Amino acid sequence: MLDVLVREDLTFADEVFRQAYKVKLAYVGSKVYLRGIIEFSNFCQKNCFYCGIRRSNDKVNRFCMTDEEIIQTALIADQSGYGSIVLQAGEKSDEAFIAFVERIVRSIKKRTNNRLGITLSLGEQGQDTFRRWFDAGAHRYLLRIETSNKELYCRLHPDDHNYDVRLNCLDWLRRAGYQVGTGVMIGLPGQTCEDLVNDILFYEKHDIDMIGMGPYITHKNTPLAAASGSNTKKNFKLALKMIALTRLRLKDVNIAATTALQSLNPQGREEGLKVGANIIMPNITPVKYRDDYELYEGKPCLDENADISKTCLEKRIQFIGEEIGYNNWGDSPRFFKRNKG
Ligand code: SAH
Ligand code: SF4
């Protein structure tokens, strides 16, 4: 794997991409599953050194969508055949927030007759909170490890963050019954190709169901951007290689072609699908909130709309010879195999 990441020879990379695509077709097929992502709040108690909505960035206009705004967006996603949504936000862990999320998840499940699959991406929480949200109806959870190198993790976060807590959370999520998703940022300052190989081995060791990884992209109002830049072209290629290698190694997991990939290249998500990804997460957050959810600079404020028929995504996917799996949760085959066995 290290060889693939280090070598810059394009023919070699193309061959790896072709192999990864074959493995994808054999293990998860050519259907692309959608998760409409609703970024419903940018209040965050954390201060990650790389993130644009970190607590100490006082240039951010903070917002939180109302219950009804979130539910209405979810209902449009359901009517448009998305099959699943992701509810993502900055991290908060007060009781009011926990109850708010619990209430929303319950309402969405009720009002869609359990049709819409719900993934949460709300940072680190306590074991009880994970359970409450699972009992309310969420069945998948995304919590990126960001980097599996503990020492690098410590350099990217202030002292009140703890790598071991994050690891425990992944374990708690599994025990609560979720399909567990994690991932890393690619091209972080100080990250080596060895670290990236270890990230893939980390997914394997923790038997992860879903992977969401993307290039690291700077945000000017963050300490990490001030300390160093990022090489976007190199990070884009590295991210594609990471998708391909993860597919080759883990085979039957879900892998997302992320928004960060698309911000570096308008065709980024399709390229991700061509090298092994099988999930796309269209942003269905109401347009008026999108500017304020800027995790990194240049995050696309696309014309994507909760009503999929109004977007060109379908055509773009058909163009690469694949089709959208409408009205389907698109769970990872790995999760089912584990639970059968
Ligand atoms: N607060 C939650 C969810 C929102 S952040 C959490 O942290 O889990 C979602 C993801 O955005 C993070 O896991 C991180 O990997 C990614 N992210 C944040 N800043 C980024 C940047 N500058 N470049 C690329 N990805 C970034
Ligand atoms: Fe908050 Fe998540 Fe950004 Fe960290 S990455 S500052 S937890 S929104």
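The values are calculated or read from the model by the stated rules, or taken from the named source; none is laboratory data. These numbers were taken from a predicted model, which means no experiment stands behind them. FYI the Cβ positions are ideal-geometry reconstructions off the backbone, even for glycines, and counts take in every protein chain you see.
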Please work out if K24 is within 16 Å of ligand 1 (Cβ to nearest atom) and among the charged types (D, E, K, R). no
Could you say which residue among G276, G298, G321 is under 26 Å from E69 (Cα atoms) and of a type in the set (G, A, S)? G298
From the list V16, V60, V23, V86, which residue is farther than 30 Å from L156 by Cβ and modelled with pLDDT of 95 or more? V23
Could we say that G52 is in contact with a His (Cβ under 6 Å, 6 or more places away or on another chain) and closer than 28 Å to L273 by Cβ here? yes
Strands (runs of 3 or more DSSP E) enclosed by the range 66-164 - at least 3 residues per element that are on the phi < 0 side of the Ramachandran plot and away from ligand 2 (no atom under 14 Å from the Cβ): 117-121
Among the residues of the range 238-261, is any within 16 Å of ligand 2 (Cβ to nearest atom), closer than 22 Å to E314 by Cα, within 16 Å of the chain's Cα centre (by Cα) and among the hydroxyl-bearing types (S, T, Y)? yes
From the list I104, I37, I85, I98, which one is buried (at least 16 other Cβ atoms within 10 Å of the Cβ) and away from ligand 1 (no atom under 15 Å from the Cβ)? I104
Sort out for me the helices (runs of 4 or more DSSP H) sitting completely within the range 190-270 that have 2 or more residues that are of a type in the set (S, T, N, Q). 232-250, 259-264
From the set of residues in the range 314-341 that are farther than 27 Å from H206 by Cα and without any contact (Cβ under 8 Å) to a residue 60 or more places away in the chain, which is surrounded by the most Cβ atoms within 10 Å (Cβ to Cβ)? R316
Looking at the range 307-323, is at least one residue of a type outside the set (D, E, K, R) and modelled with pLDDT under 70? yes
Using beta carbons and a limit of 7 Å, which pairs, at least six apart or on different chains, have the first residue in the range 143-169 and in contact (Cβ under 8 Å) with a residue 40 or more places away in the chain and closer than 14 Å to G183 by Cα and the second one among the small types (G, A, S) and within 14 Å of ligand 1 (Cβ to nearest atom)? R144/G183; R144/G212
With respect to G126, is the statement that it is away from ligand 1 (no atom under 14 Å from the Cβ) and out of contact with any helix residue (DSSP H, G or I) (no Cβ under 6 Å at 6 or more places or on another chain) true? yes
Result of the Cβ filter at 8 Å on the range 52-78, keeping first residues that are surrounded by fewer than 21 Cβ atoms within 10 Å (Cβ to Cβ) and partners that are acidic (D, E), at least 6 apart or interchain, is V60/D292; V60/E294; N61/D292; R62/D292; F63/D292; I76/D307
Can you list residue pairs whose Cβ atoms sit under 7 Å apart, with the first residue in the range 245-261 being among the hydroxyl-bearing types (S, T, Y) and the second being in a helix (DSSP H, G or I)? Count only pairs 6 or more apart in sequence or on different chains. T246/I200; T246/Y203
Considering K31, K46, K22, which residue is without any contact (Cβ under 8 Å) to a residue 60 or more places away in the chain and either more than 16 Å from ligand 2 (Cβ to nearest atom) or surrounded by fewer than 20 Cβ atoms within 10 Å (Cβ to Cβ) (or both)? K22
